[in-house]
Amino acid sequence: MKPFDLSQLSRAHEVRFSSDEPADEKLPWPQFTVADLNFFYGSHQALRGIDLIVPNKRVMAFIGPSGCGKTTLLRTFNRMNETIPGTRVEGSIRLGDKDLFSFPATRLRRVVGMVFQKPSPFPKSIFDNVAYGLRLDPSIRRNEIADKVEQSLRRAALWDEVKDKLHQSANGISGGQQQRLCIARALAVEPEVLLLDEPCSALDPISTAKIEDLLFEIKNLCTIVIVTHNMLQAARVADYVGFFLNGELVELNRAKQIFQNPEMQQTQDYITGRFG
Amino acid sequence: MANTVLATPEVPFESRGLDKKQTWWERLRKGDEVVHLITLAGGWSILVITGLLVQHLWVYSRLSRHAFGWHFLVDSTWDPVNGVFGAWPFVYGTVVTSLLALAISIPIGLGAAIFLAELAPRKLSNALTFLIELLAAVPSVIYGLIGIFLLIPVLFNVVPYFQKYFGWLPIFNGTFYGVSYFSASIVLSIMVVPFIISISREVLISVPVSQREAMMALGATKWDVTWRAVVPYARQGIMGSIFLSLARALGETMAVTMVIGNVAQVSTSLMAPGYTIAAVIANEFTEATGDLYLHALIELGLVLFVVTMIFNALARLLMLTMKGHEVVG
Amino acid sequence: MSASYPPLSRKIINVAMLALTGLCTLLVLAVLLTILGYLLWKGASSLNIAFFTKIPAPVGQSGGGVENAIVGTLKLLALASAIGVPIGLLGGIYLSEFAGGWSAFTIRYTTDLLNGVPSVVMGIFVYTLVVLPMHHFSTMAGGIALGIMMIPIALRSTEDFLRAVPRSLREGGLALGASKSETIFTIVIPAAIYGIITGIMLDIARVAGETAPLLFTAFGNLYDSPGWMQPTASLPVVIYNYAISPYDVWHQQAWAAGFVLLSGLLVISVVSRMVLARGKKLSHG
Ligand SMILES: Nc1ncnc2c1ncn2[C@@H]1O[C@H](COP(=O)(O)OP(=O)(O)OP(=O)(O)O)[C@@H](O)[C@H]1O
Ligand SMILES: [Mg+2]
């Protein structure tokens, strides 16, 4: 496979992963390569000319003021936006070296999992929630399911809390546990990428800390793209951070750099709380 | 820019069988078209049934329509033996009983709705509304039963007093036989009042607080606020409930058949027996000898259908526009 | 604003009108209680074992029961559900999950109109549709009439309960790689199932008391009605026929039948509300 050269991208100057990376470090290969992406809700353009690379097995965070298109971009990665009538995508997204839109969407979404802002467990038992994705795949044998459920719940650091009530309704556990359940549910099908849309915005600080911890744990299992409003969170969990404004990607940089020494004035303003 | 080149993956990207060819089984299982088509058939069957309904009513009333034209509605001779069919007594009876029923149930229903929406504590109001909605679940044949054996005996005791004082009015004079327009109207009013109450209560409850506050701030009494601010604001919904009730009253069959007397005549007195469209269909349909007779009865059904549809449609329209109102308000 | 505002006369009107609205409510409740109480009293006192186990006695004789009508009503309801429930469910799914724009509007509006068609007109329709071609009345025709009458409510209540399922649950399913139809059948419908069942039970309760459409479809029968192709007795029609008859014995039986019918309906309606409450409890922990 040909290595990706960032300079091939039309606005490569905004995409600098490696300004302080040692020259010989083995760099991650691109999980997603986004080129000149435009997105429309009807006539309203929500994303404008996005160029971006999401590196494999790293955590990338998207920050930016409300309505700047973070969620929209996240939802194009697993093509969830296709389920909203009247939407349109222009430009290209590649998953690895293949066109994202060339796959059946239902298959793609098993490789690119997603956790939503509001914990949304199915009104089923805890076990059935995690097993849901597994049962969709007829090639997974029934007797493997219990093991995989346990494994996923352990990865989501939820096993000890729920192992005695696996067959109780998932609506009966706390909001933080529900969100970790949703993460476990997404991890169960062993995705390559996990998209998280403000997963902690509805949670208390303790639950938030638990989720951040588990992100560190699963980071070597899959690529993580997380949207957050909380800059401290972005600083804690992310390797790379993208800053969005009005549907445009203003700056993409190493987390350390973006918070200590951003290149763009707008980023500086946002980080220091001067707007948004 | 140093080092802007990303490395080749250590593990070549396989996209986990993402681009494997789809088997027909997977295509079928994942395909939404089949489900879409099957449920579409379910949805469209409504249109098919309604279409068939209209077509059948039209076709099977043709003999009568051709023979009598529009006169059918205004001629008062209903003579199956000689094959002369005029529906005026039934049309008259239907209109009179329905309007009288509304005249009784609108004030009472609206009063109760105001009480339940504005005065009663919400819990009590919900419990009472549940009880009142039970009235709507009682089958009409049971209302007929109650009408024959409870209402009519009571009326026999009450009506003579009534006639003593008001008997000079043409609408109250004449001998009272129990079965009458009046009895039918009372039964009908009991049957439709739950509709008026439950729909009106709902629209009254949904009137925004701002509507009340303005007047309350001026020191108006509770009644003033309710009558001058809340009710006018909710009038569309209330009208909707009234049209819905009217449509129901017009088409109501069993209860009316059992207490109206089933006499094809036109009387000014509400105390006299009469007939309605629905009642004559129920009574004579299985006995109709000859095609013209049957077609005349089906034409009555067609008339009933058209009229109730008009009022139903009006009611829906009113309630639809009211919903828009809510969104704006 | 002076302390005496509003003036005394307004205050009196206020109290009088408010009291009047209370009276209206009382009046309606009193009527309701009278109806239920009277039916209970008359009905319960006319009930006996024979009522449930025997077919009607010959005209004028005492004894006998309405076993045939009870069985007939159950058969009619079974057939009606077999027709009305699947169509209603499918249509409801279509409206809530697939239809959009004018097709959704047309179907919804037509459904509401069909729901408003007087039951006697529905009877005429099924008479011309089924009875005329078959040349005789039958359980089949009666079941079809009631089944058609069930569709609108089954459809609209299914649609409403499906719509109430939050979009987040559907997206949760889609995000795990389920197709739209898999999501509908494994998440949306299970999430709404208690509501859907409640709606259907109330729907059955509603058509169980319908009389007019049965008069010229199922007709009536003094005996048991074997199979589906013969006329059958049913509780509502029996109540009607007996109530307008001149015999006291039959009047008694009409009351008993009314009592049984209404109790059945009220039991269904209470049980279905309990089903809904249980569903709420289950899904909220
Ligand atoms: N379903 C939709 N239909 C139409 N417009 C939409 C829809 N969803 C989002 N938008 C619009 O697209 C723009 C971007 O929305 P998006 O949800 O991606 O923002 P966001 O960055 O995630 O904001 P937040 O931080 O509030 O979640 C907004 O202007 C929003 O109003
Ligand atoms: Mg968002």
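The values are calculated or read from the model by the stated rules, or taken from the named source; none is laboratory data. Predicted model only: the values in this text are computed from it and were never measured. Heads up, the Cβs are rebuilt from the backbone with ideal geometry, glycines too, and the neighbour counts pull from every protein chain shown. When the accessible area is computed, the model is the full protein with side chains, heavy atoms only, and any ligands, DNA or RNA have been set aside. Shrake-Rupley method; radii C 1.70, N 1.55, O 1.52, S 1.80 Å.
In table form, for the structure just shown:
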quantity	calculated
Principal-axis tilt of helix B:33-59 within chain B, Cα atoms, nearest 10 degrees	20 degrees
Inter-part distance where region A:138-192 and region A:32-109 are each reduced to a Cα centre, Å	27 Å
Coarse-grained scattering of region C:9-147 at q = 0.12, 0.14 Å⁻¹, given as base-10 log I(q)/I(0) from a Debye sum over alpha-carbon atoms	-0.88, -0.98
Placed amide H near A:GLY91: partners under 5 Å, 5+ positions off or other chain	A:ASN38
Cα-based helix-to-principal-axis angle, A:205-218 vs chain A, degrees rounded to 10	80 degrees
With Cα atoms, 0 to 90° folded angle of helix A:175-188 axis to chain A main axis	80 degrees
Apportionment of accessible area to carbon and sulfur, region A:6-271, percent (1.4 Å)	47 percent
Chains B and C, summed buried accessible surface - 1.4 Å probe, Å², nearest 100	7000 Å²
Region B:51-121: chymotrypsin sites (Phe, Trp or Tyr not before Pro) falling in loop per DSSP and having at most 11 other Cβ within 10 Å	B:TRP70
Burial order of peptide ranges B:98-110, A:178-190, B:278-290 (average beta-carbon count within 10 Å, highest first)	A:178-190, B:98-110, B:278-290
Part-to-part distance (alpha-carbon centres) for region C:167-213 and region C:251-277, which is given in Å	25 Å
Distribution of pairwise C-alpha distances over the protein assembly as shown, 20 Å bins, in %	13, 35, 28, 18, 6, 0
Rule-of-thumb Rg ratio for region C:186-285 [Cα; 2.2 N^0.38 Å; N residues]	1.43
Amide H partners (placed H, <5 Å) of A:GLU248, local residues excluded	A:ARG48
Karplus-derived 3J(HN,Hα), 6.51/-1.76/1.60, for each residue of region A:111-127, Hz, glycine and proline x	8, 10, x, 9, 10, 9, 4, 8, x, 10, x, 5, x, 9, 6, 4, 4
Which listed pairs, of A:LYS163/C:LYS180; A:LYS124/A:LYS219; A:LYS57/A:LYS98; A:LYS98/A:LYS148; A:LYS98/A:LYS118, have C-alpha distances above 24 Å, in listed order	A:LYS163/C:LYS180; A:LYS124/A:LYS219; A:LYS98/A:LYS148; A:LYS98/A:LYS118
Contact order normalised by residue count of region C:49-283, Cα under 8 Å, 6+ apart, percent	27 percent
Dipole axis of region B:178-299 (+1 Lys, Arg; -1 Asp, Glu on Cβ), positive-most option in B:VAL256, B:SER206, B:THR286	B:SER206
Neighbouring partner chain Cβ atoms per residue of C:139-151, average, 10 Å criterion	1
Under-5 Å amide H pairs with A:LEU196, H placed in peptide plane, nonlocal only	A:VAL115, A:VAL225, A:ILE226, A:VAL227
Per-residue mean of C-beta atoms belonging to partner chains within 10 Å, peptide B:57-70	1
Region C:153-161 - phi-based ³J(HN,Hα) in whole Hz, Karplus 6.51/-1.76/1.60, Gly and Pro as x	6, 4, 5, 5, 6, 4, 4, 4, 5
Buried solvent-accessible surface, both chains (A, C), 1.4 Å probe, Å² to nearest 100	1800 Å²
Burial order of peptide ranges C:257-265, A:230-238 (average beta-carbon count within 10 Å, highest first)	C:257-265, A:230-238
Sulfur and carbon atoms: percent of accessible area, chain C [1.4 Å]	71 percent
In Å, descending, principal axis extents of the Cα set of region C:7-46	58, 8, 5
Convex hull (Cα only) mean projected area of chain A, reported in nm² to one decimal	15.3 nm²
Cβ neighbours within 10 Å from other chains - mean over C:91-103	4
Span from the region C:26-62 Cα centroid across to the region A:250-269 one, whole angstrom	83 Å
Estimated vicinal HN-Hα couplings, Hz - region A:147-164 in sequence order (Karplus 6.51, -1.76, 1.60; Gly, Pro = x)	4, 5, 4, 4, 4, 5, 5, 5, 4, 7, 6, 10, 3, 4, 7, 10, 5, 8
Kirkwood Rh and Cα Rg combined as Rg/Rh, region B:65-181	1.10
Burial order of peptide ranges A:213-222, A:195-204, A:127-136 (average beta-carbon count within 10 Å, highest first)	A:127-136, A:195-204, A:213-222
